[in-house]
Amino acid sequence: MATSQETLRRIQSLEQLYRSGYHSETIDATIDKLVAMERARVAQEVTRLEEVLRQFEQRYQLDLAAFHTQFEAGELGDEADFFEWSAFYRMWLSTQEQLKLLKAPVA
């Protein structure tokens, strides 16, 4: 299995080929399929994280925005659940950003 750096080098090589005028329908189709698959995987992860966040909201009768504000202000104490909730919130933000990038139109 390729490391992240090896994969990045391969992607950069393809970028250089394409910038020089190279074109391949096979590569185009493959990349479209890979992006679609990754977009679906990330969307599924967003949905899973949203369910976890909803469970915290229900358990503590506190919406996510209010929780985050109070947690960041140190108003909720040091209960492990709050740190876990915050971690899931950060994961959700990260996956939202990934999904945004995967849905972005190509420049």
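The values are calculated or read from the model by the stated rules, or taken from the named source; none is laboratory data. None of the values given here were measured: they were computed from a predicted structure. Please note: Cβ atoms are built from the backbone with ideal geometry, for glycine as well, and neighbour counts cover all protein chains shown.
For segment 72-107, give me the residue count where each residue is hydrophobic (A, V, I, L, M, F, W, C), more than 20 Å from Gln44 (Cα to Cα) and assigned to a helix (DSSP H, G or I).
Total satisfying the criteria: 3.
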Within segment 70-89, is there a residue that is among the small types (Gly, Ala, Ser), modelled with pLDDT of 95 or more, surrounded by 12 or more Cβ atoms within 10 Å (Cβ to Cβ) and out of contact with any Phe, Trp or Tyr (no Cβ under 8 Å at 6 or more places or on another chain)? no
